[in-house]
Amino acid sequence: MRVLVRAPNWLGDIVMALPAIAGIRRHFSSDRLTIAGPTGLIRVVATVPGVDAFLALESVGTGTAGWVWRKHAQIIASGGFDNIILF
């Protein structure tokens, strides 16, 4: 199975989510785990051992047009994931 975790957009939130992401890795130990998150912060999530892939998403700022959100949805949908976990 392919599992995607959509990491939070903010550094502090990502740091607080790291133990949960590690728990997801343990729970889905035999599955492929991909983490999606903001391009500039994806390295923080790379500290979690056992993550198979990273999907860097363009940052979304205040007042950003809906096209960015649609683009993210299209990128994620094209990945063929069996489970998606959103923080």
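Do the conditions hold for Pro49, that is, is it open to solvent by 80 Å² or more (accessible area, probe 1.4 Å), at pLDDT 85 or above and closer than 20 Å to Ala17 by Cα?
yes
Just to be sure, is Leu55 at pLDDT below 90 and either under 23 Å from Ser78 (Cβ atoms) or part of a loop (DSSP other than H, G, I, E, B) (or both)?
The answer is yes for Leu55.
With of a type in the set (A, V, I, L, M), out of contact with any strand residue (DSSP E or B) (no Cβ under 8 Å at 6 or more places or on another chain) and at pLDDT 90 or above as the only criterion, which of Leu41, Leu18 stands out?
None of the others qualify; the one that does is Leu18.
What's the total number of residues in the range 9-41 that are crowded, with 18+ Cβ neighbours inside 10 Å and either in contact with a helix residue (DSSP H, G or I) (Cβ under 7 Å, 6 or more places away or on another chain) or part of a helix (DSSP H, G or I) (or both)?
The total comes to 10.
The values are calculated or read from the model by the stated rules, or taken from the named source; none is laboratory data. Nothing here was measured: the structure is a model prediction, and the numbers come from that model. Counting neighbours? That spans all protein chains shown, and the Cβs are built from the backbone with ideal geometry, glycine included. Calculation scope for accessible area: heavy atoms of the full protein, side chains included, ligands and nucleic acids excluded. Shrake-Rupley method; radii C 1.70, N 1.55, O 1.52, S 1.80 Å.
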